[in-house]
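The values are calculated or read from the model by the stated rules, or taken from the named source; none is laboratory data. Please read these numbers as outputs of a predicted model, since none were measured by experiment. A quick note on method: Cβ atoms are made from the backbone with ideal geometry, for glycine too, and the neighbour counts reach across all protein chains shown. When the accessible area is computed, the model is the full protein with side chains, heavy atoms only, and any ligands, DNA or RNA have been set aside. Shrake-Rupley method; radii C 1.70, N 1.55, O 1.52, S 1.80 Å.
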Amino acid sequence: MLRVAVVGSGPSGVYTAQSLVEQSAVPGVRVHVLDRLPCPYGLVRYGVAPDHEKIKSLQNNLRTVLEHDRVSFVGGVEVGTGALTPARLLELYHAVVYCVGAAKDRRLGIPGEDLAGSCSATDFVSWYSAHPDAASNGFDLGARSAVVIGVGNVAVDVARILARGAEELRPTDVPQTALGALAVSRVRAVHMVGRRGPSQARFTTKELRELGSLPDADARVDAAELALDPAFADPAGLPAVNRRNVAVLREWADAAPRDHGSRSIRLRFFLRPVELLGEGGRVTAVRFERTVPDGDGGVRPTGLFEDIEAQLVLRAVGYRGAPPAGLPFDPASGTVPHLAGRMLRDAAAAPGEYVAGWIKRGPTGVIGTNRPCAKETVASLLADASLLLRRRPLGDPLDAMRKLGLRPVEWPGWLAIEEAEAALGLALGRRSVKIPDWEGLLRAAYGDTSLQHP
Ligand code: NAP
């Protein structure tokens with residue numbers, strides 16, 4: 001029997017587990033899906049916006065895999081510098097697949113980035129997703145004007161959440177504290193700003209359209225600014241998604257001003273952030289330099305500047321892989337070096353260690369992109385099976401983890417968290433509401449008052 005640990009229970013980890021148990025080349029494969037958190041599903045639980053219920057419902061598919069009789073969820077165990085190092089983990093399994101994602105956010109590297117009121121969009125997402133590591137003091141939405149830097153899908157998510165009324169989010173599982181802050185939010189203007197042109201924006205068309213159809217917010221673009229992009233006039237040579245985006249933006253530019261909502265979302269382009277301006281340690285505006293297309297897909301600066309007022313700035317300029325302790329790492333790409341999913345240590349394939357998902361290919365693509373990515377890695381692992389089966393893993397992995405002082409949360413522990421969240425929702429007169437803190441999660445998972453998380 002081949003015993004495999006998958007580290008990370010987000011989509012890439014779960015699709016890896018699924019590929020492993022669905023293949024027939026090696027019968028009887030057993031998979032433990034480990035996670036640092038006591039909750040499974042990674043970014044589907046802690047990244048997909050609460051109002052995207054259809055994407056959230058992917059959890060049901062992931063659940064089916066984690067409930068497979070040859071797959072076990074093992075939450076609350078961190079692989080890294082603590083008791084459970086990668087070397088120790090490899091002693092417990094024939095193979096380990098790291099699906100740890102890209103945990104950090106990219107920075108702008110411009111003056112003023114650390115002023116109060118300037119944050120990463122990923123921190124904002126963690127807060128409204130009830131991630132237990134989110135800053136406990138949360139977000140004060142006293143700002144009138146917010147600037148979101150970047151025009152990818154994360155930028156669209158945070159702009160949309162800022163522009164939605166709390167009542168629209170009440171039926172979701174958004175945590176109660178975030179709902180309370182959104183209910184008294186003073187944000188009226190949201191500016192979402194791209195450094196290149198509309199034809200180069202990274203958001204997908206469905207997400208863009210949704211921004212234009214919010215019940216209480218008006219999405220606007222400036223026709224003259226869009227026209228700076230040559231591909232806007234002639235989108236024929238663009239990839240399909242960009243062509244569709246251009247078509248939506250053109251509809252918005254051509255539409256008569258609606259002014260129907262109490263909030264506005266303005267999409268801006270060809271503005272490169274150069275500095276965050278502040279007063280008394282708090283951000284007051286973002287200074288942008290206007291850019292123009294360089295004819296080669298990039299932009300060049302013009303020496304002309306524009307300040308946009310902002311008491312809240314969210315930078316949504318992409319995720320970045322963090323070096324996983326004890327694993328090789330390429331800082332330039334933010335990924336673990338690999339060959340078809342086989343981890344490379346000192347440029348040579350490390351038998352027994354594999355990667356899949358964002359830590360393998362970088363933080364791009366939609367959830368479904370993880371399927372073929374996981375399949376490729378599993379094909380490499382299975383091709384190595386006869387070699388891997390010569391290794392002799394030590395004893396029962398969960399017993400070994402307990403001996404190391406860890407306290408794994410198994411599937412019943414996760415189900416207890418789900419029940420506690422349903423009960424919390426009932427008490428608040430809402431549907432299931434997420435528990436936002438470690439203490440609450442562990443109390444539910446362990447079913448006792450001993451909350452220590454080793
Ligand atoms: P992304 O798609 O890579 O977009 C990053 C944005 O930041 C781009 O507009 C980029 O502009 C801009 N940017 C980067 N560095 C910048 C700088 N120094 N100054 C100004 N702008 C800068 O990243 P993301 O939005 O974090 O999304 C990550 C992945 O998750 C994507 O594959 C996304 O589709 C996926 N996702 C999907 C959904 C969904 O399906 N609903 C939701 C969230 C995330 P340039 O293009 O000029 O570099």
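Here is how the numbers come out for the structure above:
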| item | result |
| --- | --- |
| Test result for Ala219, assigned by TED's automatic domain parsing to the domain that holds His260, assigned to a helix (DSSP H, G or I) and either away from the ligand (no atom under 16 Å from the Cβ) or buried (at least 20 other Cβ atoms within 10 Å of the Cβ) (or both) | no |
| Evaluation of Asp133 against (1) touching an Asp or Glu at 6+ places or on another chain (Cβ under 9 Å); (2) closer than 30 Å to Ala332 by Cβ; (3) of a type in the set (Asp, Glu) (one fails), failing number | (1) |
| Positions within the range 311-338 being in contact with a strand residue (DSSP E or B) (Cβ under 6 Å, 6 or more places away or on another chain), away from the ligand (no atom under 16 Å from the Cβ) and part of a strand (DSSP E or B), in sequence order | Leu312, His338 |
| Residue match in the range 123-133 (condition: open to solvent by 10 Å² or more (accessible area, probe 1.4 Å), over 30 Å from Glu167 (Cβ atoms), in contact (Cβ under 8 Å) with a residue 40 or more places away in the chain and in a loop (DSSP other than H, G, I, E, B)) | no |
| Leu162 being more than 17 Å from the chain's Cα centre (by Cα), of a type outside the set (Asp, Glu) and part of a loop (DSSP other than H, G, I, E, B) | no |
| Failed item in (1) buried (at least 16 other Cβ atoms within 10 Å of the Cβ); (2) at negative phi, with Gly334 passing the rest | (2) |
| So Tyr41, is it touching a residue at least 60 places away in the same chain (Cβ under 8 Å) and among the aromatic types (Phe, Trp, Tyr) | no |
| Restricting the range 286-341 to residues that are among the polar types (S, T, N, Q) and more than 20 Å from the chain's Cα centre (by Cα), the residue that is farthest from Ala231 (Cα to Cα) | Gln311 |
| Odd one out for Ser380 among (1) part of a loop (DSSP other than H, G, I, E, B); (2) in contact with a strand residue (DSSP E or B) (Cβ under 6 Å, 6 or more places away or on another chain); (3) of a type in the set (S, T, N, Q) | (1) |
| Filtered residues of the range 179-213 (kept if within 11 Å of the ligand (Cβ to nearest atom), in a loop (DSSP other than H, G, I, E, B) and open to solvent by less than 20 Å² (accessible area, probe 1.4 Å)) | Gly194, Gly197, Ala201, Phe203 |
| Matching residues, the range 357-377, being near the ligand (Cβ under 8 Å from one of its atoms) and over 20 Å from Glu22 (Cβ atoms) | Pro363, Thr364, Gly365, Val366 |
| Selection count, the range 90-118, where residues are farther than 16 Å from Phe329 by Cα and small (Gly, Ala, Ser) | 6 |
| Ala159 of a type outside the set (Ser, Thr, Tyr), open to solvent by less than 10 Å² (accessible area, probe 1.4 Å), touching a helix residue (DSSP H, G or I) at 6+ places or on another chain (Cβ under 9 Å) and over 27 Å from Arg244 (Cβ atoms) | no |
| Residues that are part of a helix (DSSP H, G or I) and open to solvent by 70 Å² or more (accessible area, probe 1.4 Å), drawn from the range 388-447 | Asp399, Arg402, Lys403, Pro412, Glu419, Leu426, Ala427, Glu439, Arg443 |
| Top-ranked residue of the range 59-110 - restricted to ones that are among the aliphatic types (A, V, I, L, M) and open to solvent by 40 Å² or more (accessible area, probe 1.4 Å), ranked as modelled with the lowest pLDDT | Ala103 |
| Positions within the range 368-381 being touching a helix residue (DSSP H, G or I) at 6+ places or on another chain (Cβ under 8 Å) and open to solvent by less than 40 Å² (accessible area, probe 1.4 Å), in sequence order | Asn370, Cys373, Ala374, Thr377, Val378, Leu381 |
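The rows are residues; the columns are (1) within 16 Å of the ligand (Cβ to nearest atom); (2) among the β-branched types (Val, Ile, Thr); (3) at pLDDT 95 or above.
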{"site": "Gly112", "(1), (2), (3)": "yes, no, yes"}
{"site": "Ala121", "(1), (2), (3)": "yes, no, yes"}
{"site": "Val125", "(1), (2), (3)": "yes, yes, yes"}
{"site": "Pro132", "(1), (2), (3)": "no, no, yes"}
{"site": "Ser145", "(1), (2), (3)": "no, no, yes"}
{"site": "Ile149", "(1), (2), (3)": "yes, yes, yes"}
{"site": "Val154", "(1), (2), (3)": "yes, yes, yes"}
{"site": "Leu162", "(1), (2), (3)": "yes, no, yes"}
{"site": "Glu167", "(1), (2), (3)": "no, no, no"}
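Conditions (1) open to solvent by 10 Å² or more (accessible area, probe 1.4 Å); (2) within 16 Å of the ligand (Cβ to nearest atom); (3) in contact with a Phe, Trp or Tyr (Cβ under 9 Å, 6 or more places away or on another chain); (4) modelled with pLDDT of 95 or more, marked per residue:
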site: Asp35; (1), (2), (3), (4): yes, no, yes, yes
site: Cys39; (1), (2), (3), (4): no, no, yes, yes
site: Val44; (1), (2), (3), (4): no, yes, no, yes
site: Ser57; (1), (2), (3), (4): yes, yes, no, no
